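The values are calculated or read from the model by the stated rules, or taken from the named source; none is laboratory data. The structure displayed is predicted, hence computed values, not measured ones. We place every Cβ from the backbone using ideal geometry, glycine too, and count neighbours over all the protein chains shown.
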Amino acid sequence: MAFAMGIPLLTFPVAAQIADATASAGTSRYQLDEAQRKLKAGAELKQQEHQRILGVIPDFNTSNVQDAEPLSAGQKWHLALKSAIDPFTFVAAGIDAGLNQATDDHAGYGQGAEGYGKRLGASYADSFSGTMLGNALFPMLLHQDPRYFRKGSGSFSSRLMHALAATVICRNDNGKLAPNYSNLLGNLAAGGISNLYYPPDERGAGLTFDRALTVSAEGTIGTVFVEFWPDISKKLSPKGHGKDVP
């Protein structure tokens, strides 16, 4: 009797060791799988970071891989920062500041070198905050993918609708579609931050929402352009700029 009772008691430690070993193996396989997926995402991201329109304009935030691996928080931050500090971003801010000065937008900044400097700083600050908030911070917090997944094939109308929808619909890190809260909240938050440096007569809740809507509309136009740019490029120069965006 005592022998029979002792058998289960002896097997408990062995079973526990087997369970621990199995759990450890499962954890190791999971960690390995996650590491492999992160490496694959890194390789896909490296490809994106070479994408430029006309060889100049960065197109880092566009993925041509429909089943791309989700980005880690660090990869999202890296991607956004690379776009935010790209030399062309500063050039674009300078052009925008020049146009605003020519039309006397943001009149509170005045004219001359000082006025241009203020407009330049405001333009770049708008771009930087919008990129880092909408493409990094909120996607990290909300587990959303900040990239635009180019359709690249199908009818013109289907591709157009796909591009237009990207402003309000995105892909979560789990691959499912969801409202693009990251983009919308990023634009709104960036509009709110601009109240810190815009002229006093251009501040307030109403103007913040106006700026957010304007930026969202501009982003939508940009996304449509990105969707069809490779097609346009091939038409213009079959051997030329079609290679800019894979």
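The residue of region 135-161 that is surrounded by the most Cβ atoms within 10 Å (Cβ to Cβ), among those that are touching a Lys or Arg at 6+ places or on another chain (Cβ under 6 Å) and more than 13 Å from Ser63 (Cβ to Cβ), is Pro139. Scanning region 56-84 for residues that are touching a Lys or Arg at 6+ places or on another chain (Cβ under 8 Å) and small (Gly, Ala, Ser) yields Ser63, Ala68, Ser72. So, in region 95-104, exactly how many residues are in contact (Cβ under 8 Å) with a residue 12 or more places away in the chain and out of contact with any helix residue (DSSP H, G or I) (no Cβ under 6 Å at 6 or more places or on another chain)? Matching residues across region 95-104 total 1.
Residues in region 100-126 that are more than 15 Å from Tyr197 (Cα to Cα) and out of contact with any Asp or Glu (no Cβ under 8 Å at 6 or more places or on another chain): 7 in all. Please indicate, with yes or no, whether at least one residue in region 185-205 is buried (at least 20 other Cβ atoms within 10 Å of the Cβ), at pLDDT 95 or above and under 21 Å from Pro70 (Cβ atoms). Yes, because at least one residue in region 185-205 is buried (at least 20 other Cβ atoms within 10 Å of the Cβ), at pLDDT 95 or above and under 21 Å from Pro70 (Cβ atoms). For first residues located in region 71-84 and without any contact (Cβ under 8 Å) to a residue 40 or more places away in the chain, partners that are hydrophobic (A, V, I, L, M, F, W, C) and in a helix (DSSP H, G or I) and lie 6+ apart or on another chain with Cβ distances below 8 Å form the pairs Ser72/Ala41; Gln75/Ala41; Gln75/Leu45; His78/Leu45.
Within region 59-88, take every residue that is in contact with a strand residue (DSSP E or B) (Cβ under 8 Å, 6 or more places away or on another chain) and acidic (Asp, Glu) and give me the one that is surrounded by the fewest Cβ atoms within 10 Å (Cβ to Cβ). That would be Asp86.
For every residue, the table says whether it meets (1) of a type in the set (Phe, Trp, Tyr); (2) out of contact with any His (no Cβ under 9 Å at 6 or more places or on another chain).
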{"position": "Gly108", "(1), (2)": "no, yes"}
{"position": "Ala125", "(1), (2)": "no, yes"}
{"position": "Phe149", "(1), (2)": "yes, no"}
{"position": "Phe156", "(1), (2)": "yes, yes"}
{"position": "Ala166", "(1), (2)": "no, yes"}
{"position": "Asn172", "(1), (2)": "no, no"}
{"position": "Lys176", "(1), (2)": "no, yes"}
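Every test in (1) surrounded by fewer than 19 Cβ atoms within 10 Å (Cβ to Cβ); (2) within 30 Å of Gln75 (Cβ to Cβ); (3) aromatic (Phe, Trp, Tyr) is passed by Phe128 save one, and that test is (1). Which one of these does Ala178 not meet: (1) under 25 Å from Ser72 (Cα atoms); (2) out of contact with any helix residue (DSSP H, G or I) (no Cβ under 8 Å at 6 or more places or on another chain); (3) assigned to a helix (DSSP H, G or I)? For Ala178, the exception is condition (3).
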